[in-house]
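Values quoted throughout were computed directly from the atomic coordinates according to the rules given, and no laboratory measurement underlies them. Worth saying up front: this structure is predicted, and the values here are computed from it rather than measured. Cβ coordinates were reconstructed from backbone atoms using ideal geometry, including for glycine residues, and neighbour counts include every protein chain displayed.
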Amino acid sequence: MNEEDLISKKELLELTGISYGQLYRWKRKNLIPEEWFVRKSAFTGQETFFPKDKILQRIERIKNMKDGLSLDELADVFSPSSNIQSMSSAQLIERNIVTSISLALFEEVAGRQETLSFDDILTVYVLQKLLQGGDMTRDEGKMLIAVMREHYGAFASKPCELALVRKMGVPLLFLAESAEQIYFDKDAKWIFRLPLAASIEELKLKLNETEA
């Protein structure tokens with residue numbers, strides 16, 4: 001990680017207006033991952049730094065949501081895994097989590113499903129978001145379903161990105177821990193890079209809201 005991608009603890013506290021106590025309470029509650037606390041040598045000795053964009057986005061989200069959710073509920077939202085084991089197709093449509101159109105496309109690839117696991121719900125949710133945003137075609141959507149069902153479990157709840165590249169109209173869709181480390185022909189173009197952690201958070205919030 002480049003030095004310019006990091007922010008010191010002192011700068012972070014000044015910029016966000018949070019206290020030292022809040023920062024470490026959120027760490028203990030797993031709202032901020034342990035691996036984001038990066039110890040580095042500085043003129044004053046060892047100092048703590050953070051990945052700048054990630055920590056600023058996370059703190060903004062915590063501040064926006066903490067009045068409506070407890071810290072334990074927030075920890076569940078930010079966790080890459082879920083307490084929800086499965087849900088029926090009918091419940092997902094009834095609660096407006098996904099549409100019947102995206103669910104039908106999912107079933108074209110995966111077959112008829114009475115209940116969907118959380119990973120499959122995430123797949124349909126992401127599929128719907130990308131189709132509605134015009135970021136992919138139906139055929140690319142089918143590729144997404146196949147890739148997610150075959151490979152997403154291998155990440156064992158670690159953060160990862162879904163990305164689509166096209167060259168001369170031919171799509172390449174992949175999952176990676178970080179698309180930053182992927183290189184390809186200069187004639188190919190990024191269509192999107194989607195960190196799945198953000199979609200997981202959105203989905204969990206929707207599920208929480210419709211349960212309430």
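Of the labelled figures [x] 118; [y] 126; [z] 141, only one reflects volume of the Cα convex hull per residue in Å³ as derived from the coordinates, namely [z]. So what is Rg over Rh here for region 124-195, counting just Cα atoms and using Kirkwood for Rh? The Rg/Rh ratio comes out at 0.94. For a straight C-alpha distance cut-off of 27 angstrom, the lysines reachable from K186 (same-chain residues fewer than eight places away being disregarded) are K142, K167.
Over all distinct Cα-Cα pairs of region 1-79, the Kirkwood formula returns a hydrodynamic radius of 13.1 Å. Counting every C-alpha pair in region 86-211, the share spaced more than 24 angstrom apart comes to 26%. Quick one: Cα centre-to-centre distance for region 169-197 and region 23-56, in angstrom? Centre-to-centre (Cα) distance: 28 Å. Peptides 158-170, 120-132 ordered by packing proxy, namely the average of other Cβ atoms within 10 Å per residue, highest first: 120-132, 158-170. Computed from Cα atoms, the angle from the helix 52-65 axis to the main principal axis of the chain rounds to 80 degrees. Helical runs (DSSP H, four residues minimum) scored at -39500 (n - 2.57) apiece and divided by the length of the chain put the mean residue ellipticity at 222 nm at -14500 deg cm²/dmol. Listed cross-link partners K54/K158; K40/K158; K9/K158 are compared with a 22 Å cut-off, the Cα-Cα value being larger for K40/K158; K9/K158. Under 5 Å from the amide H of I191 lie the amide H atoms of L164, V165, R166, each residue being 5 or more positions distant or on a separate chain, with H modelled from the backbone and absent for Pro and chain starts.
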